[in-house]
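Data block below; observations after.
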Amino acid sequence: MVLPIGDDNRDRKTTPVVNYLLIALNIFAFIYWQKWGHAEGVTFSYAAVPGEILTGHDIVTDAKTLVDPYTGQRFALPGLGITPIPVFLTLFTSMFMHGGLSHLAGNMLFLFLFGDNVEDAMGHVKYLIFYLLCGVLAGLSHVFSTLFLGQNLLIPSLGASGAISAVMAAYMRLFPGKKVYLWIFLFIVSVPAFVAVGLWFALQVINGLGMLGGEEVGEVAYAAHIGGFIFGLLLTGRFAKGYLSRRKGSRGR
């Protein structure tokens with residue numbers, strides 16, 4: 001098991017109020033809105049459905065009973081519900097919903113570790129815009145990859161992973177040498193950010209290659225992770241222009 005558990009924050013100058021707010025909103029949505037994941041009707045109505053995004057129209061399907069081919073266990077799969085908002089807005093609402101407690105905890109850990117320094121470099125408002133914009137672009141990456149690969153366009157997608165992938169890309173570009181502490185089995189080691197984040201992205205690419213077979217890999221939208229990361233790399237220069245200019249100036253002295 002490899003898990004990031006901390007980084008060096010000694011050069012951070014501001015309080016990451018936006019990052020704290022985003023974490024709070026994700027937790028609030030899961031507990032209050034999704035009822036700890038039990039409000040399946042809400043989840044299936046406000047998640048981003050590729051077929052709805054591509055057509056611009058709401059899609060309602062019947063509930064199904066599925067049977068696990070290995071255990072024979074039967075379980076109910078709720079159908080897609082009526083979306084009370086324009087379907088394109090689900091690209092935003094889906095960013096604040098999660099499929100379970102472990103999904104939420106993992107995403108919030110990564111956002112907590114990497115988002116504060118990125119917000120410090122970009123500024124509060126620019127960081128919020130960056131986060132939301134990259135989250136939408138990551139969602140669209142998943143939508144179009146689902147279409148291109150011939151996968152099921154009616155499987156909902158949700159979670160903050162795409163936006164957080166962009167934050168990690170920005171962290172790697174802005175602070176490539178910053179120490180990141182990793183928990184590897186029984187040991188804690190520190191590695192440069194470009195190594196920690198680079199290895200994470202390589203894992204997303206490797207796992208995402210399994211999608212070429214036309215099936216979801218472990219029900220994870222790897223295209224959203226990869227798309228979010230790429231857009232994060234491309235947009236960091238625009239949103240953190242001041243920080244990058246100051247860093248370049250300090251090196252030229």
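For the range 134-150, the candidate set comprises residues that are under 12 Å from the mean Cα position of the chain (by Cα) and either under 15 Å from THR93 (Cα atoms) or among the aliphatic types (A, V, I, L, M) (or both); within that set, the residue that is surrounded by the most Cβ atoms within 10 Å (Cβ to Cβ) is ALA138. Among the residues of the range 151-184, those identified as closer than 21 Å to SER94 by Cβ, in a helix (DSSP H, G or I) and of a type outside the set (Gly, Ala, Ser) are ILE164, VAL167, MET168. Within the bounds of the range 63-73, is there any residue that is among the β-branched types (Val, Ile, Thr), surrounded by 13 or more Cβ atoms within 10 Å (Cβ to Cβ) and in contact (Cβ under 8 Å) with a residue 12 or more places away in the chain? No: the range 63-73 contains no residue that is among the β-branched types (Val, Ile, Thr), surrounded by 13 or more Cβ atoms within 10 Å (Cβ to Cβ) and in contact (Cβ under 8 Å) with a residue 12 or more places away in the chain.
Within the range 14-26, if we keep just the residues that are in a helix (DSSP H, G or I) and touching a helix residue (DSSP H, G or I) at 6+ places or on another chain (Cβ under 7 Å), the residue that is farthest from PHE96 (Cα to Cα) turns out to be VAL17. Checking each residue in the range 190-222 for being at pLDDT 90 or above and exposed (fewer than 12 other Cβ atoms within 10 Å of the Cβ) picks out only ALA202. Within the range 37-58, the set of residues being outside any helix (DSSP H, G or I) and either modelled with pLDDT of 95 or more or closer than 20 Å to LEU137 by Cα (or both) comprises ALA47, ALA48, VAL49, GLY56, HIS57.
Return yes or no: is SER102 touching a strand residue (DSSP E or B) at 6+ places or on another chain (Cβ under 6 Å) and either exposed (fewer than 15 other Cβ atoms within 10 Å of the Cβ) or at pLDDT 90 or above (or both)?
For SER102, the condition - touching a strand residue (DSSP E or B) at 6+ places or on another chain (Cβ under 6 Å) and either exposed (fewer than 15 other Cβ atoms within 10 Å of the Cβ) or at pLDDT 90 or above (or both) - is not met.
Looking at LEU133, LEU147, LEU128, just one residue is touching a helix residue (DSSP H, G or I) at 6+ places or on another chain (Cβ under 9 Å), touching a residue at least 40 places away in the same chain (Cβ under 8 Å), of a type outside the set (Phe, Trp, Tyr) and farther than 23 Å from LEU235 by Cα, and that residue is LEU147. Of everything in the range 177-194 that is over 13 Å from ASP7 (Cα atoms) and in contact (Cβ under 8 Å) with a residue 12 or more places away in the chain, the residue that is nearest to the chain's Cα centre (by Cα) is ILE184. Any residue that is within 18 Å of the chain's Cα centre (by Cα) and among the polar types (S, T, N, Q) - is there at least one of those in the range 163-176? Yes: the range 163-176 contains one or more residues that are within 18 Å of the chain's Cα centre (by Cα) and among the polar types (S, T, N, Q).
The values are calculated or read from the model by the stated rules, or taken from the named source; none is laboratory data. Model, not experiment: these values are computed from the prediction. With ideal geometry, Cβ positions are generated from the backbone for all residues, glycine too; neighbour counts draw on all protein chains shown.
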